[in-house]
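A.B. asks: Have a look at the structure that comes next, please.
The values are calculated or read from the model by the stated rules, or taken from the named source; none is laboratory data. Every value quoted in this text rests on a predicted model; they were computed, and no experiment measured them. Cβ sites come from the backbone with ideal geometry, for glycine too, and all protein chains shown count toward neighbours. Keep in mind that these areas ignore ligands, DNA and RNA; they rest on the heavy atoms of the full protein, side chains included. Shrake-Rupley method; radii C 1.70, N 1.55, O 1.52, S 1.80 Å.
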Amino acid sequence: MKIGILGFQGSIEEHECVFRRLSIATKRVKTPQDLEDIDGIVLPGGESTHMLRLLHFNALWDPLRKVIQKGLPTLATCAGVVLLSQTIDNTKQEALHLLDVVVSRNGYGPQFFSFVEEVCIEGFTEKFRAVFIRAPIVRSLNPNISILSEDREHNPIFVRQDNIFGLTFHPEIGNDDRIHSMFIQSIT
Ligand code: GLN
């Protein structure tokens, strides 16, 4: 198995580290050819505006959209959720329209309001230490999307739509590999 990680900027090495601990091979995805031999893809946290420009610049926007639409398992975190969303309600920014959620970018406020919260996640017996860095808020979602976790205000922070896992926090920060393991198990 090989997992692609969208490799332009953001939390790339941190995801690589987690997959290394799980003995899963990874590959940075920067060109359409890089999509050819992967079994899943991570859209990491970072800066969605920057990533979307580079997706166009590298002619990766349409090929990426196609493979995810066809069912390539996808783990999208933070900026990755913004990229995949159906609608961004507070900025005029292009989106891939593959995850049927409405998000507000930087929904909790600027960097100063980044935070850590111990959250309950469906299927996990122990809480998960979730790191939110200028995270988006999911304002609404299609009712057929499962919500696996919510923040204190009951905003969804972890959703699943078929093969797409969308998290507004950073599961790659810290030493807890349970979310990556769950993603891998969903593929095998
Ligand atoms: N605020 C960033 C954006 O909208 C996301 C931040 C993150 O990925 N940690 O692109």
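A.B. asks: Which order do LYS70, LYS27 take when ranked by solvent-accessible area (1.4 Å probe, heavy atoms of all protein chains), largest first? Write out the running numbers ahead of the final one.
C.D. replies: Working: LYS70 180, LYS27 45 Å².
So, going from the largest accessible area down, we get LYS70, LYS27.
A.B. asks: Continuing with the same structure: Starting from the amide H of THR77, placed 1.01 Å from N in the peptide plane, find each other amide H under 5 Å away whose residue is 5 or more places distant or on another chain.
C.D. replies: LEU43, GLY45, LEU167
A.B. asks: Treat each spin label as a single point 7 Å out from the Cα along the C-beta direction, and report the ASP62 to LYS92 distance in nm.
C.D. replies: With each label placed 7 Å out from Cα toward Cβ, I get 2.4 nm.
A.B. asks: What dipole magnitude, in Debye to the nearest 20, does the chain give about its Cα centre under +1 on Lys/Arg Cβ and -1 on Asp/Glu Cβ?
C.D. replies: Details: 19 positive and 23 negative charges, 71 e Å.
The calculation lands at about 340 debye.
A.B. asks: Once you've got the GNM for the chain with C-alpha springs shorter than 10 Å, pick whichever of THR26, THR49, THR74 has the biggest mean-square fluctuation.
C.D. replies: The residue that fluctuates most here is THR49.
A.B. asks: Find the lysine pairs in the chain meeting two conditions, Cα atoms under 29 Å apart and a separation of 8 or more places or different chains, and report how many there are.
C.D. replies: 12
A.B. asks: Using the Cα centre of region 81-188 as the reference point, and only Cβ charges (+1 on K/R, -1 on D/E), how large is the resulting charge dipole? Debye, rounded to the nearest 20. Could the numbers behind the result be given before it?
C.D. replies: On the way: 9 positive and 14 negative charges, 51 e Å.
For this selection, approximately 240 debye.
A.B. asks: Using a Gaussian network model on the chain with a 10 Å cutoff between Cα atoms, which of GLU153, GLU122, GLU47 fluctuates the most?
C.D. replies: Ranking GLU153, GLU122, GLU47 by mean-square fluctuation puts GLU153 first.
A.B. asks: Here's another thing I want to ask about it. What shape does region 41-134 take by its C-alpha gyration tensor, where a ≥ b ≥ c are the square roots of the eigenvalues and a/c under 1.5 counts as rounded, a/b above b/c as prolate, and the rest as oblate?
C.D. replies: Working: a/c = 2.09, a/b = 1.37, b/c = 1.53.
Verdict is oblate for region 41-134.
A.B. asks: Sticking with this structure for a sec: Can you show me the helix-derived [θ] at 222 nm for the chain, built from DSSP H runs with n ≥ 4 at -39,500 (n - 2.57) apiece and divided by the number of residues, rounded to the nearest 500. Write down the numbers at each step before the final one.
C.D. replies: Numbers: 5 runs with 45 residues, N = 188.
The helix-only estimate for the chain comes to -7000 deg cm²/dmol at 222 nm.
A.B. asks: Test of understanding: in a Gaussian network model of the chain with alpha carbons linked when under 10 Å, which of ILE121, ILE41, ILE133 would top the mean-square fluctuation ranking?
C.D. replies: ILE121
A.B. asks: Solvent-accessible area per residue for region 1-60 at a 1.4 Å probe radius, Å²? Before the final figure, lay out the partial values.
C.D. replies: Working: 2720 Å² over 60 residues.
Result: 45 Å² per residue.
A.B. asks: Right, next: In whole percent, and with a 1.4 Å probe on the protein chains, what portion of the accessible area of the chain is carbon and sulfur?
C.D. replies: Numbers: 4300 of 8820 Å².
C and S atoms contribute 49 percent here.
A.B. asks: Output the relative contact order of the chain, whole-number percent, from Cα pairs under 8 angstrom with separation of 6+ residues. It would help to have the intermediate numbers written out before the result.
C.D. replies: Details: 389 pairs, mean separation 34.9, N = 188.
Relative contact order here is 19 percent.
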